[in-house]
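*Asks:* Input: one structure, supplied below.
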Amino acid sequence: MIPVTKPFLPPIEEYERYIREIWKRNWLTNNGPLVNELELKLKEHLDVNHLLYVTNGTIAIQLAIKALNLEGKIITTPFSYVATTSSIVWEGCEPVFVDIDPLTCNIDPQKIETSITKDTCAILATHVYGNPCDVEAIQDIAKRNNLKVIYDGAHAFGVKYKGKSIFEWGDISTCSFHSTKLFHTIEGGAIITKNPDLLKRIAYLRNFGHDGPDKFADLGINGKNSEFHAAMGLVNLKYVKEIIETRKGLCDHYSNFLKNFKAVTPRVTRETEYNYAYYPLLFDSSELLVKITDVLNQNWVYPRRYFYPSLENLPYVKKNSGCVMAESVASRALCLPLYDTLSKEEIDMICRIMLRVQNN
Ligand SMILES: *Cc1c(COP(=O)(O)O)cnc(C)c1O
């Protein structure tokens with residue numbers, strides 16, 4: 001079987017070494033030495049000043065919304081994973097969907113401004129497939145309208161824009177280290193901000209608001225992560241450059257076939273150092289996508305419709321029927337299998353099946 005992704009697993013001995021240390025220390029969670037070490041190494045690797053390791057990428061978004069005291073309406077993209085929208089609703093705010101640019105699959109900045117009202121407090125955008133949003137246009141709009149900006153960077157690990165980490169943009173950026181992501185710690189996530197006061201606040205929020213054993217600085221929740229998860233991160237981080245290289249080779253191999261498909265890939269933003277987190281195809285029609293998916297499944301190949309459906313179809317949000325591009329892209333987008341142990345022969349087989357279906 002060829003799934004859309006397989007989690008990277010390092011040599012077990014390397015993980016075991018960390019686990020033995022944990023046993024010796026008998027310190028399993030609560031800001032332990034491995035969590036601290038992972039935060040330090042991640043800051044170096046990503047070249048960012050401030051980063052907090054948290055339970056997962058969803059709690060990272062929720063903490064970001066909470067830390068910025070957001071209330072009212074948040075402009076967001078309908079083309080993302082459900083956690084982007086559900087976090088807004090969970091925090092008591094209202095998502096306002098703005099359509100995407102069908103070429104990049106990211107929120108279309110030209111359509112943001114007309115959706116801003118006096119109740120709008122922020123923009124929450126996703127770097128879809130790790131492809132940077134038009135961060136300059138969004139910053140400009142936010143500044144002029146006094147809005148906060150959060151980026152859901154769940155896909156954007158290691159991505160650079162104009163030579164700098166994409167996580168440096170916005171008031172807060174978040175990342176997910178879930179097993180299905182490019183870099184993972186089994187479960188996990190991170191919050192990145194350039195603002196040290198904000199960082200301090202989020203550190204309190206992450207740990208029940210504790211300021212010492214019997215003093216509370218703020219309302220908080222449990223957003224901590226464990227030594228075991230941090231250990232997986234420390235081992236995997238050593239391999240991430242290699243993983244990205246391998247995935248680049250696999251993506252290039254897929255792209256050899258691209259000109260024959262009735263499909264395109266999203267346009268990667270200029271001046272971007274991409275991370276090859278996904279290999280999405282946007283087919284000419286959803287009928288073709290469904291036909292191809294059916295035959296691939298018959299051959300034990302399981303690509304994923306990602307993201308589908310468009311988030312304004314969620315039962316707990318107000319639909320904005322103006323998001324026609326997001327509806328269209330969601331109905332035609334398919335992520336092909338991509339993971340470090342996938343072989344080029346398997347890609348050949350997948351592409352041959354797809355071409356056969358398409359051309360008969
Ligand atoms: C995976 C993902 C999340 C959620 O991250 P978790 O770590 O699974 O909670 C949020 N947004 C996007 C775009 C994602 O792909």
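*Asks:* Looking at the chain only, what percent of DSSP beta bridges run antiparallel? Nearest 5 please.
*Replies:* Details: 22 of 40 bridges.
Around 55 percent antiparallel, to the nearest 5.
*Asks:* By how many nm would the segment from E113 to R20 lengthen if fully extended, with 0.36 nm per residue of separation less the alpha-carbon distance? Mind showing how you got there, number by number?
*Replies:* On the way: separation 93, 0.36 × 93 = 33.48 nm, distance 5.43 nm.
Between E113 and R20, full extension yields 28.1 nm more.
*Asks:* Starting from the range 181-281, pick out the GluC sites (Glu not before Pro) whose DSSP state is loop and whose Cβ has at most 11 other Cβ atoms within 10 Å. It would help to have the intermediate numbers written out before the result.
*Replies:* Values: sites: E187, E227, E242, E245, E271, E273; in loops: E187, E271.
When the GluC sites (Glu not before Pro) of the range 181-281 are filtered for loop state and at most 11 Cβ neighbours within 10 Å, E271 remain.
*Asks:* What fraction, in whole percent, of alpha-carbon pairs in the range 65-200 exceed 20 Å separation? Walk me through the numbers before you get to the answer.
*Replies:* Details: 3825 of 9180 pairs.
I get 42 percent for the Cα pairs in the range 65-200 exceeding 20 Å.
*Asks:* Could you tell me which of the pairs K41/K215; K181/K241; K24/K241; K111/K319 are separated by over 19 angstrom between their Cα atoms in the structure shown?
*Replies:* Working: K41/K215 30 Å; K181/K241 14 Å; K24/K241 31 Å; K111/K319 16 Å.
As for pairs spanning more than 19 Å Cα to Cα, those are K41/K215; K24/K241.
*Asks:* Also, quick follow-up: Could you grab the Rg to Rh ratio for the chain? Cα atoms only, Kirkwood for Rh. List each step's numbers first, then the result.
*Replies:* Details: Rg = 20.7 Å, Rh = 21.2 Å.
Ratio value, two decimals: 0.98.
*Asks:* Which value, in Å to one decimal place, does the Kirkwood hydrodynamic radius take for the range 240-359 when every pair of different Cα atoms is included? Provide the component values of the computation, followed by the final result.
*Replies:* On the way: mean 1/r = 0.0645 Å⁻¹.
One over the average 1/r among Cα pairs gives 15.5 Å for the range 240-359.
*Asks:* Would you mind listing how long the range 145-185 runs along its three principal axes, going by Cα atoms, in whole Å with the largest first?
*Replies:* Over the range 145-185, Cα extents along the principal axes are 37, 21, 10 Å.
*Asks:* Mind scanning K66/K238; K143/K318; K224/K248 and naming the pairs with a C-alpha gap bigger than 29 Å? If you can, show how the numbers build up before the last one.
*Replies:* Values: K66/K238 33 Å; K143/K318 26 Å; K224/K248 33 Å.
Where the Cα-Cα span goes over 29 Å, the pairs concerned are K66/K238; K224/K248.
*Asks:* Sorted from largest to smallest, which semi-axis lengths in Å does the alpha carbon gyration tensor of the range 299-360 give for its equivalent ellipsoid, taking the root of 5 times each eigenvalue?
*Replies:* Details: eigenvalues 195, 41, 14 Å².
Semi-axis lengths for the range 299-360 are 31, 14, 8 Å.
*Asks:* Taking all pairs of different Cα atoms in the range 181-248, averaging 1/r and flipping that mean, what Kirkwood radius in angstroms comes out? Spell out each step's value before the answer.
*Replies:* On the way: mean 1/r = 0.0713 Å⁻¹.
When all Cα pairs of the range 181-248 are included, the Kirkwood radius is 14.0 Å.
*Asks:* Using only the Cα atoms of the range 56-130, build the gyration tensor, take square roots of its eigenvalues as a ≥ b ≥ c, and label the shape rounded, prolate or oblate: rounded if a/c is under 1.5, else prolate if a/b is larger than b/c, else oblate. Working shown, then result.
*Replies:* Working: a/c = 2.26, a/b = 1.18, b/c = 1.91.
Oblate, because a/c is 1.5 or more while a/b does not exceed b/c.
*Asks:* Given the -39500 (n - 2.57) contribution per DSSP H run of 4+ residues, what per-residue ellipticity at 222 nm results for the chain, rounded to the nearest 500 deg cm²/dmol? Can you show the working numbers first?
*Replies:* Values: 11 runs with 138 residues, N = 360.
Mean residue ellipticity, 222 nm, calculated: -12000 deg cm²/dmol.
*Asks:* Return the equivalent ellipsoid semi-axes of the range 19-86 as a descending list in whole Å, where each equals the square root of 5 times an eigenvalue of the C-alpha gyration tensor. If you can, show how the numbers build up before the last one.
*Replies:* Details: eigenvalues 193, 41, 29 Å².
Over the Cα atoms of the range 19-86, the ellipsoid semi-axes are 31, 14, 12 Å.
*Asks:* In addition: Considering the convex hull of the alpha carbon atoms of the range 88-148, report its projected area averaged over all viewing directions, in nm², one decimal.
*Replies:* Working: hull surface 17.5 nm².
Dividing the Cα hull surface by four gives the mean projection, 4.4 nm².
Values quoted throughout were computed directly from the atomic coordinates according to the rules given, and no laboratory measurement underlies them. Model, not experiment: these values are computed from the prediction. Counting neighbours? That spans all protein chains shown, and the Cβs are built from the backbone with ideal geometry, glycine included.
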